[in-house]
Amino acid sequence: VPEDQVDKLLLASWGLPKAVLEKYHSLGVVQMFEWQAECLMLGQVLEGRNLVYSAPTSAGKTLVAELLILKRVLETRKKALLILPFVSVAKEKKCYLQ
């Protein structure tokens, strides 16, 4: 992340509603890793273009997907489909995202 965009690491810099930020903060998530912010700033990803990224297990891939989905749903007022690999993960995300 360039020096002049360090504030992009903070979740509060991404225009998310207060309730969403409070939920993330209650879970201890206040800022992203540099690679996560870089993913969100690539090309036209925030305008709905595709993004393919890879990271090790527990590196924070889901946060990138959640932020992209949340921003698009809130901005376009359209629904989103989140596909997860296991029923247990799907149940966890359902509770988390509600």
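Just so it is clear, none of the values below were taken in a lab; they were calculated from the coordinates. Keep in mind that this is a model prediction, so the values were computed, not measured. Neighbour counts run over all protein chains shown; Cβ positions are idealised from the backbone, glycine included.
The figures follow:
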read-out	value
Tabulated pairs, the stretch 11-26, first surrounded by 13 or more Cβ atoms within 10 Å (Cβ to Cβ), second of a type in the set (Ser, Thr, Tyr), C-beta under 9 angstrom, 6+ apart or interchain	Leu11/Tyr24; Leu16/Tyr24; Lys23/Tyr96
Filter pass, Val52 being aliphatic (A, V, I, L, M), exposed (fewer than 11 other Cβ atoms within 10 Å of the Cβ) and more than 19 Å from Lys23 (Cβ to Cβ)	yes
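Matching residues to (1) of a type outside the set (Asp, Glu); (2) touching a residue at least 12 places away in the same chain (Cβ under 8 Å):
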site: Gly43; (1), (2): yes, no
site: Ala55; (1), (2): yes, yes
site: Ser58; (1), (2): yes, no
site: Leu63; (1), (2): yes, yes
site: Glu66; (1), (2): no, yes
site: Ala90; (1), (2): yes, no
site: Leu97; (1), (2): yes, yes
